[in-house]
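A.B. asks: Please find one structure pasted underneath; my questions will follow.
Values quoted throughout were computed directly from the atomic coordinates according to the rules given, and no laboratory measurement underlies them. Just so it is clear, the model here is predicted, and its values are computed rather than measured. Heads up, the Cβs are rebuilt from the backbone with ideal geometry, glycines too, and the neighbour counts pull from every protein chain shown.
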Ligand code: BYC
C-alpha cells in the first residue's frame, strides 16, 4: 500500500474511495493549517527546512528528505501494513480476531484514550512555539522542526481514527484537539506535562528524552490493541517517534560533553565557574532531569487504576511488547506495590499503569548510563541519576509525599525546605535562558552545547539545514 501524494490529504487508507470521510477530513484540514500558522513554530513559515517526509510505511527506506517550507509539509494518514489473521493478544477477548470497527460497548473508552493520545501531539508543538528563536545551531533548528511537523502528523493520525470510526462524536473531538491549548487556564491540554512551558533548549532535550519516551511506551501498548486501525496507526507512529528520542538523548549528551570540556579546561567542577564560562553545570542538568522525569512519570496515571484494568480486560491497551509475557490474561495474577503505607498486593490488571511505568524507567536508565560514562571517562566523580519513582509525584499513591530524590521519607518541614534544591530554581532557569543565544550561521554552534557527531542523512554537520 503506497502513499498517494497526488491527493489533497496524502494517505495509504484509500481515502479517495470514501467520499464522506474525505470531505469531513478536508473540512478539518484548513482548521489544522490555521492552528499550525498560529500555534506552530513562530516566525519560520518562509524558511526552507531539510525535512524528511514519509513515502512508505516499511521500517526500511520509508522516508525521503528535501527542503520544504513547513506550511507546505504534506501531513497525511499512514497506517502500517496489516498483519494477516491478527488476533487479540491479551485480556478477556484473547485469541479472537482483531476488530476492524470499534465494538459498540467500548466506544467511549476507545474514544477517551485516542483523544488523550491525540491531545499530546499538538500540545507539544504549542509548548515549543518560540524555541526556534534561540536555536543553538541550524542542525538543532532543523531537528526541532522535524519533531514539530511529525507531532502534527501524529495529530492527523488520531484525527483520522476519530473521523473514520467515531461519527459525529469523533468529529467534535477532533475540533476539541485544536481548541484546547497548552497552558491555557480556561481550556488546557488534558495531561499536565503538556501544559508546562518549554522555553529553553535544555528543557526541549529533556522533554524529547523523557516525555517522548512516555509516548513510545504508550504507543507500544496501543500498538497491541484489539482495534486494528489503532494498532496499525501506532505502529507507524513508533517509526517516526524514534528520531524524537534520538534528539533528546544526543541533545543531553552534547550538553554534558560541552560541560565536561569546560570543566577540564578550568580544572574544576565548581558550578559558578562552569557557568562563568557559559556552560551548564552538571547539578543544574540534574535538576532539569528531576523535573522532566518526574513529570513524565505522572503521565502513566495512578499505580492502581480501574481504567487501566478495564482497558486491559477489554482488549483496548496491553503492556508494551505484550508477547514478552507468558500470561496474557492476568486474571489471577497479583502485583506487589510499594505505597507510603507499606507493601500492598493488588490485582495485576489494576496495576497495568505501574507495569508500563516500570518498563519506561528501565528504558530511561539507558541514556543516563551513557551520560555517566562520558562523565566518568572525563575523570569526574559526579553522576547523574533518575530520582526515585516516589519523588515529586502529582499523580498516584505517592502524590504530595515528602520524599527526597533517593526515595527516603523526610519530615514535611525538611522536605519543603529542600525541594527547591532538587528542581530548577528561578535562578537556574534565568541562567539557562541567558545562554540560549540564537546561532544560525551554517556549521556554528552555541557555547553551551557540543556539535553533533554527524549530520542528517549523511550530510555534513555544516550543511545549511534551514535556509532562513
Ligand atoms: N495528568 O486511572 P488513572 C506522547 C487522569 S505522550 C492529568 O490514574 P488512566 C507524546 C485520567 O485521564 C503519550 N490527568 O489513569 C510525547 C483519568 O481522568 P478521567 C500520550 C491525568 O485512566 C511527547 C483520571 O486521571 N498517550 O505521545 O489509566 C510529545 C484517573 O486516571 C494524568 C497516552 O497517554 C495526568 N498525568 O489514564 C508528543 C495514551 N494521568 O478520565 C506526544 C492514552 C491520569 O477519569 N492515555 N489522569 O477524567 C491513556 O492510556 C491513559 O489516559 C493514561 C492513564 C495513560 C493517561
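A.B. asks: Over segment 233-284, what number does the Rg to Rh ratio reach, with both radii from the alpha-carbon atoms and Rh per Kirkwood?
C.D. replies: 1.28
A.B. asks: Jot down the radius of gyration and Dmax of segment 307-360, Cα atoms only, both in angstrom.
C.D. replies: 11.2, 33
A.B. asks: Right, another one. To the nearest 500 deg cm²/dmol, what mean residue ellipticity at 222 nm is calculated for the chain from DSSP H runs of n ≥ 4 alone, each contributing -39,500 (n - 2.57), summed and divided by the residues?
C.D. replies: Only helices count here, giving -15500 deg cm²/dmol.
A.B. asks: Where the eigenvalues come from the Cα gyration tensor of segment 89-139, what are the semi-axes √(5λ) of the equivalent ellipsoid, largest first, in whole Å?
C.D. replies: Semi-axes from the Cα gyration tensor: 40, 14, 8 Å.
A.B. asks: Give the order of 257, 264 when sorted by the count of other beta carbons within 10 angstrom, beginning with the fewest.
C.D. replies: Placing the least packed residue first, the sequence is 264, 257.
A.B. asks: A follow-up question, please. Over all Cα pairs of the chain, how is the pair count split among 10 Å bins, expressed in % and running from 0 up to the last occupied bin?
C.D. replies: Using 10 Å bins, I get a P(r) of 4, 19, 30, 26, 16, 5, 0 for the chain.
A.B. asks: If packing is taken as the average number of other Cβ atoms within 10 Å across a peptide's residues, how do 170-182, 268-280 rank, most packed first?
C.D. replies: Per-residue Cβ counts within 10 Å, averaged per peptide and sorted highest first, yield 170-182, 268-280.
A.B. asks: Quick one: give the max-minus-min coordinate of the C-alpha atoms of segment 86-219 along each principal axis, largest first, in Å.
C.D. replies: Cα extents, longest axis first: 51, 32, 22 Å.
A.B. asks: Sort 431-437, 324-330 by the packing proxy (mean of other Cβ within 10 Å over each peptide's residues), most packed first.
C.D. replies: So the order, starting with the most tightly packed, is 431-437, 324-330.
A.B. asks: In addition: Just order 454-460, 130-136 by mean Cβ neighbour count inside 10 Å, highest at the front, would you?
C.D. replies: Per-residue Cβ counts within 10 Å, averaged per peptide and sorted highest first, yield 130-136, 454-460.
A.B. asks: Over segment 390-468, what per residue volume does the convex hull of the Cα atoms give, in whole Å³?
C.D. replies: 175 Å³
A.B. asks: State the Cα centre-to-centre distance between segment 48-115 and segment 273-315 in whole Å.
C.D. replies: When both Cα centres are located, 26 Å separates them.
A.B. asks: Additional query: Return the percentage of antiparallel bridges among DSSP beta bridges fully within segment 6-79, rounded to the nearest 5 %.
C.D. replies: 90 percent
A.B. asks: Would you mind pulling out the separation of the Cα centroids of segment 208-238 and segment 339-376, in Å?
C.D. replies: 19 Å
A.B. asks: Starting at 0 and stepping by 10 Å, how many percent of the alpha carbon pairs of segment 258-324 end up in each bin?
C.D. replies: 18, 26, 18, 14, 18, 7
A.B. asks: Okay, next question. Using only the alpha-carbon atoms of segment 249-373, report the extent along each of the three principal axes, biggest first, to the nearest angstrom.
C.D. replies: 60, 33, 19
A.B. asks: Normalized C-alpha radius of gyration of segment 127-179, against 2.2 N^0.38 Å?
C.D. replies: 1.51
A.B. asks: Let me ask something additional. Take the Cα pairs of segment 152-275, get the Kirkwood Rh, then feed it into Stokes-Einstein at 4 °C and 1.567 mPa s and tell me D in µm²/s.
C.D. replies: 76 µm²/s
A.B. asks: Let me ask something else about it. Looking at the calculated P(r) for segment 1-80, what percent of the C-alpha pair distances fall above 20 Å?
C.D. replies: Result for the distance tail: 40 percent.
A.B. asks: Given a cut-off of under 8 Å on Cα pairs at least six residues apart, what relative contact order in percent is computed for segment 199-348?
C.D. replies: The normalised contact order for segment 199-348 reaches 28 percent.
A.B. asks: Another question, if that's okay. Per residue Cα convex hull volume for segment 340-455, in cubic angstrom?
C.D. replies: Enclosed volume per residue, from the Cα hull, is 183 Å³.
A.B. asks: Explain nothing, just the number: relative contact order of the chain, from Cα pairs under 8 Å at least 6 residues apart, as a whole percent.
C.D. replies: 19 percent
A.B. asks: What is segment 1-127's relative contact order, in percent, from Cα pairs under 8 angstrom and six or more apart in sequence?
C.D. replies: The value is 23 percent.
A.B. asks: Given the Cα atoms of segment 5-156, and with Rh set as the inverse mean 1/r over their pairs in the Kirkwood sense, what is Rg to Rh to two decimals?
C.D. replies: Rg/Rh for segment 5-156 comes to 1.01.
A.B. asks: Return 288, 209 ranked ascending by Cβ neighbour count within 10 Å, so the fewest neighbours appear first.
C.D. replies: Ascending number of Cβ neighbours within 10 Å: 288, 209.
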